[in-house]
Structures are given as structure tokens and as C-alpha cells.
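Take a look at the structure below.
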Amino acid sequence: MTVRSRNRGTKPDEATAPSMAVVRAREPFERFYEREFRSVVGLAYALSGSRSASEDLAQEAFIAAHRNWDRIGAYDKPEAWVRRVVANLSVSRFRRRMSETKALTRLAGFNRNQAVLPELPGEADAFWGSVRKLPKRQAQAIALHYLEDLSVADIAEILECAPNTVKVHLHKGRQQLAERLGAHLGGDR
């Protein structure tokens with residue numbers, strides 16, 4: 001079996017019995033897209049806070065996967081690759097929007113201290129708004145864990161970090177969310 005390198009999934013070993021990776025390699029991109037699109041859009045929405053942006057982010061990730069489907073489709077978990085791309089694109093989009101906002105603010109002579117944003121309706125919007133304010137990796141770990149219901153090991157693979165690092169991101173993210181939302185933690189499980 002070949003060694004897995006950074007940004008690449010494990011390639012199937014032709015000498016062994018067919019594994020899930022071999023089966024996945026034969027899966028048409030269209031079936032993969034249909035199976036994963038809805039949950040990837042949900043992840044993008046949780047990270048971006050915008051319905052239209054979430055569809056754009058998901059489409060960008062799937063386009064990148066489609067361009068390289070011969071390689072991506074052979075990964076053990078091509079869905080992890082697509083989610084990693086969405087997570088990275090959402091961070092890039094956030095940074096770009098912040099830069100644009102700062103530039104427009106300077107150009108318009110607008111005083112940021114006078115700006116008042118309308119409150120978001122509903123508990124879910126408040127929660128995900130708080131998640132988006134967390135540091136990048138904490139927000140991604142929280143979204144992948146609670147929205148996608150992924151294990152620590154799966155999140156570690158998507159974010160390309162150690163499982164213990166994911167646990168730290170989840171723990172710190174939960175603490176910050178509890179403080180921001182006024183909840184009390186009964187202990188870390």
C-alpha cells in the first residue's frame with residue numbers, strides 16, 4: 001500500500017482484495033455529487049453564514065473534485081477532500097470580505113463605531129453566528145462535528161491535523177461558545 005502524503009488520500013493497493021477505495025474509484029462523479037452535495041452545502045452555510053455563498057463554495061469544491069476525479073475518486077474518502085476544500089474556501093472568502101469591507105469603510109469615510117448590525121433572528125442563527133466568530137480551526141471543527149456528525153478522526157483527516165489537535169479545537173470552541181451564549185459546561189465529555 002502506498003504511503004499517504006499531505007493533501008492526498010490513500011491509493012488502493014491492487015494486490016489486495018477490493019477495498020472501499022477501489023469501489024469508490026469506480027463511483028461516477030455524478031453519483032458522488034448527488035450523495036454529498038446537500039451536506040457539503042450545509043457545512044459551507046455553517047461556516048459562511050450565507051445561503052448563496054454556501055452554494056457557491058460547495059460548487060467550487062465540487063468543480064475542483066470533478067477536474068481531478070481520476071485522482072480524487074480513488075481516495076479512501078473523497079468526501080473528506082471536498083469538505084477540506086470547502087473549509088479552506090470559506091476562510092478565504094471570509095478574509096476577502098473583511099478586506100473588502102475595510103477598504104469600503106476607508107473609502108466612504110464611514111465610522112465603524114457608528115455601525116449597528118441588525119440582530120439575527122432565531123437561536124440557530126445566533127449559535128452559528130457565534131461559531132463563525134471563533135478562530136478558524138475551532139469553527140471548522142465545531143461545524144464538522146455538530147453539523148456533519150463526524151468523528152474526531154474524520155475531522156482530523158479533513159483538517160489535516162492530529163486527532164488530539166481536533167479535541168483541543170473542539171474543547172476550546174465549546175468553552176468560548178458557552179461563554180458567549182451564556183451556557184454552563186457540566187464537564188468535558
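The values are calculated or read from the model by the stated rules, or taken from the named source; none is laboratory data. The model shown is predicted, which means the values in this text are computed figures rather than measured ones. A quick note on method: Cβ atoms are made from the backbone with ideal geometry, for glycine too, and the neighbour counts reach across all protein chains shown.
Would you confirm whether any residue within the range 49-70 is of a type in the set (Ser, Thr, Tyr), more than 15 Å from GLU148 (Cβ to Cβ), in a helix (DSSP H, G or I) and in the same structural domain as GLU27 (by TED's automatic domain parsing)? Full working, then the answer.
To start, the set of residues in the range 49-70 that are of a type in the set (Ser, Thr, Tyr) comprises 50, 52, 54.
Those left that are additionally more than 15 Å from GLU148 (Cβ to Cβ): 50, 52.
Retained after the next criterion (residues that are in a helix (DSSP H, G or I)): 52.
Still in the list and also in the same structural domain as GLU27 (by TED's automatic domain parsing): 52.
For the range 49-70, residues of a type in the set (Ser, Thr, Tyr), more than 15 Å from GLU148 (Cβ to Cβ), in a helix (DSSP H, G or I) and in the same structural domain as GLU27 (by TED's automatic domain parsing): present.
Please go through the range 41-72 and pick out each residue that is hydrophobic (A, V, I, L, M, F, W, C) and either farther than 18 Å from ASP125 by Cα or touching a Phe, Trp or Tyr at 6+ places or on another chain (Cβ under 7 Å) (or both). Explain how you work it out, then say what you get.
Of the residues in the range 41-72, the ones hydrophobic (A, V, I, L, M, F, W, C) are 41, 43-44, 46-47, 53, 57-58, 61-65, 69, 72.
Correct list: ALA46, LEU57, ALA58, ALA61, PHE62, ILE63, ALA64, ALA65, TRP69, ILE72.
Return yes or no: is ALA124 in a helix (DSSP H, G or I), at pLDDT 90 or above, within 27 Å of GLU36 (Cβ to Cβ) and not charged (D, E, K, R)?
Working: in a helix (DSSP H, G or I): yes; at pLDDT 90 or above: no; within 27 Å of GLU36 (Cβ to Cβ): yes; not charged (D, E, K, R): yes.
Judged against the criteria, ALA124 is not a match.
The rows are residues; the columns are (1) modelled with pLDDT under 90; (2) surrounded by 17 or more Cβ atoms within 10 Å (Cβ to Cβ); (3) within 14 Å of LEU177 (Cβ to Cβ).
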| site | (1), (2), (3) |
| --- | --- |
| LEU104 | yes, no, no |
| PRO135 | no, no, yes |
| ALA139 | no, yes, yes |
| ILE142 | no, yes, yes |
| ASP154 | no, yes, no |
| ASN164 | no, no, no |
